[in-house]
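Worksheet: one structure, shown below.
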Amino acid sequence: MTTRLFVNMRLATMRGGAPYGLLEGHAVGVENGRIALVAPEGELPSGWHGAERVDLGGRLVTPALIDCHTHIVFGGNRAREFEMRLEGASYEEIARAGGGIVSTMSATRAASEDELVESALPRIDALIAEGVSTIEIKSGYGLSVEHELKMLRAARRLGEMRPVRIVTSWLAAHALPPEFKGRADDYIGEVVLPGMTQAKAEGLADAVDGFCEGIAFSPDQMQRVFEHAQTLGLPVKLHAEQLSNLGGAAFAARHGAISADHLEYLDAAGVNAMAEHGTVAVLLPGAFYTLRETQLPPVQLLREAGVPIAVATDCNPGSSPLASLLLTMNMACTLFRMTPEEALAGVTRNAAAALGLSEEIGTIEQGKAAELAVWNAGEPAELAYRIGFNPLHLRIGGEN
Ligand code: DI6
Ligand code: FE
């Protein structure tokens with residue numbers, strides 16, 4: 001049994017009460033990877049007096065960070081497309097001309113599972129270096145049963161190779177591969193549904209996602225996908241209202257989705273549906289920034305309705321080639337006008353909720369996994385404030 005007592009720190013528990021759930025002069029006791037104690041240093045139960053003490057030098061301690069929406073496993077890159085967009089082409093034009101997600105599909109199909117792991121590792125390591133302990137990874141660039149499963153196997157292996165919890169999503173309903181052009185319903189019936197069954201059987205999928213958009217799938221098409229997920233007992237989530245308003249978030253909420261993601265074009269009806277069904281809003285400022293989007297997600301409406309807001313990198317080769325969750329927090333504040341406290345909640349407590357892991361991670365409290373980030377910082381707002389600077393001192397935990 002390993003028992004350690006962390007002392008001398010400022011604890012941002014993210015549990016409510018004071019801003020950031022701040023506690024001064026408290027110790028955190030860790031036993032077998034769980035938080036066994038959060039108590040004032042002067043009132044430690046006698047059992048803890050002999051524990052190994054770790055002095056954190058007055059530093060700020062937060063829950064380890066959680067990136068709850070990534071497409072971090074993929075082949076190739078899309079730097080050429082970046083150039084094309086700067087020459088005036090839009091993301092949708094590039095997608096319709098066979099670029100975009102479909103070009104990454106070709107590179108992903110051509111890559112072996114080993115190559116996918118190799119190319120994702122530096123991005124995973126960049127996140128871990130910023131105190132991230134949990135990363136969600138979606139399929140969605142294979143667009144066939146074989147290659148979608150290959151992506152998720154690569155994702156699982158990343159979790160074995162590094163001290164990080166990987167949560168996977170089956171996102172075969174991301175784009176239509178060329179061989180199914182004009183036959184979206186056949187694609188769903190022949191690839192999305194049977195592949196999902198297999199992914200579930202092999203323990204490769206923790207949830208099911210889809211891209212609900214004019215250039216992707218309609219709510220009616222997603223209905224079949226969600227119904228199948230529900231028969232398999234898999235939670236659902238949806239990319240919704242990223243480029244236009246198809247009512248995807250309200251549709252997802254009615255199906256009990258754990259999150260609806262992107263949401264730039266979300267309207268009040270969508271916000272209310274999410275509030276009513278407890279669906280978490282996942283905002284992705286990296287995609288907003290990269291696509292030079294001007295439509296802002298309705299942050300104030302989400303706040304007023306009490307919808308929990310998470311923030312994630314959306315790390316992917318097209319719309320968000322971003323592997324920094326700290327920079328994402330900064331963007332959430334500067335671009336979306338979220339507060340630094342909301343940004344930190346967005347990558348801790350609310351990111352855990354977006355993954356259905358609120359019981360396990362996301363706040364510092366007794367009983368949860370002991371996954372903490374120790375920062376060379378005093379004020380929690382420092383985490384969102386700097387640009388391109390990583391003040392991580394130490395990450396505690398993260399192994400499953
Ligand atoms: N929305 C996005 O921003 C990513 N996927 C999605 O549904 C982009 C994926 C890509 O462009 O490769
Ligand atoms: Fe995404």
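The values are calculated or read from the model by the stated rules, or taken from the named source; none is laboratory data. What you see is a predicted model; the values in this text were computed from it and never measured. Counting neighbours? That spans all protein chains shown, and the Cβs are built from the backbone with ideal geometry, glycine included. Heads up: the accessible areas ignore ligands, DNA and RNA and are worked out on the full protein's heavy atoms, side chains in. Shrake-Rupley method; radii C 1.70, N 1.55, O 1.52, S 1.80 Å.
Every residue, every condition in (1) open to solvent by 10 Å² or more (accessible area, probe 1.4 Å); (2) touching a Cys at 6+ places or on another chain (Cβ under 8 Å); (3) hydrophobic (A, V, I, L, M, F, W, C), yes or no:
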position	(1), (2), (3)
113	yes, no, no
135	no, no, yes
138	no, no, no
147	yes, no, no
163	yes, no, no
Listed by first then second residue, the pairs whose first member lies in the range 235-246 and is at positive phi, whose partner is buried (at least 23 other Cβ atoms within 10 Å of the Cβ) and not in a strand (DSSP E or B), with beta carbons under 6 Å and at least 6 positions apart or on separate chains, are 241/248; 241/249; 241/263; 241/266
Going through (1) modelled with pLDDT of 95 or more; (2) more than 16 Å from ligand 2 (Cβ to nearest atom); (3) not in a strand (DSSP E or B) one by one, residue 85 fails only at (1)
Complete set of residues in the range 1-20 that are open to solvent by 80 Å² or more (accessible area, probe 1.4 Å) and free of Cβ contacts under 8 Å to residues at least 40 places away in the same chain: 1, 2, 17
Strands (runs of 3 or more DSSP E) wholly in the range 258-343 with at least 2 residues that are hydrophobic (A, V, I, L, M, F, W, C), in contact with a strand residue (DSSP E or B) (Cβ under 8 Å, 6 or more places away or on another chain) and closer than 21 Å to residue 358 by Cβ - which ones? 280-283, 309-311
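Listed here are the residues, each with its yes/no results for (1) within 16 Å of ligand 2 (Cβ to nearest atom); (2) touching a Leu at 6+ places or on another chain (Cβ under 9 Å); (3) more than 18 Å from residue 279 (Cα to Cα).
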position	(1), (2), (3)
332	yes, yes, yes
363	no, no, yes
381	no, yes, yes
386	no, yes, yes
393	no, yes, yes
Let me confirm something: among 232, 266, 243, which residue is open to solvent by 10 Å² or more (accessible area, probe 1.4 Å), farther than 22 Å from residue 289 by Cα and of a type in the set (A, V, I, L, M, F, W, C)? 232
Condition set away from ligand 2 (no atom under 16 Å from the Cβ) and not aliphatic (A, V, I, L, M), scope the range 58-80, selection surrounded by the most Cβ atoms within 10 Å (Cβ to Cβ): answer is 63
Candidate set from the range 215-229 (those that are within 16 Å of ligand 2 (Cβ to nearest atom) and open to solvent by 10 Å² or more (accessible area, probe 1.4 Å)); member that is modelled with the highest pLDDT: 216
I want to confirm something. Restricting to the range 74-104 and keeping residues that are aliphatic (A, V, I, L, M) and away from ligand 1 (no atom under 12 Å from the Cβ), which single residue is nearest to residue 23 (Cα to Cα)? 79
Can you tell me which residue among 295, 300 is open to solvent by 50 Å² or more (accessible area, probe 1.4 Å) and either among the β-branched types (Val, Ile, Thr) or within 15 Å of ligand 1 (Cβ to nearest atom) (or both)? 295
Please indicate, with yes or no, whether at least one residue in the range 189-196 is assigned to a loop (DSSP other than H, G, I, E, B), under 18 Å from residue 155 (Cβ atoms), more than 15 Å from ligand 1 (Cβ to nearest atom) and in contact (Cβ under 8 Å) with a residue 40 or more places away in the chain. no
Residues of the range 190-213 being within 16 Å of ligand 2 (Cβ to nearest atom) and exposed (fewer than 15 other Cβ atoms within 10 Å of the Cβ), in sequence order, are none
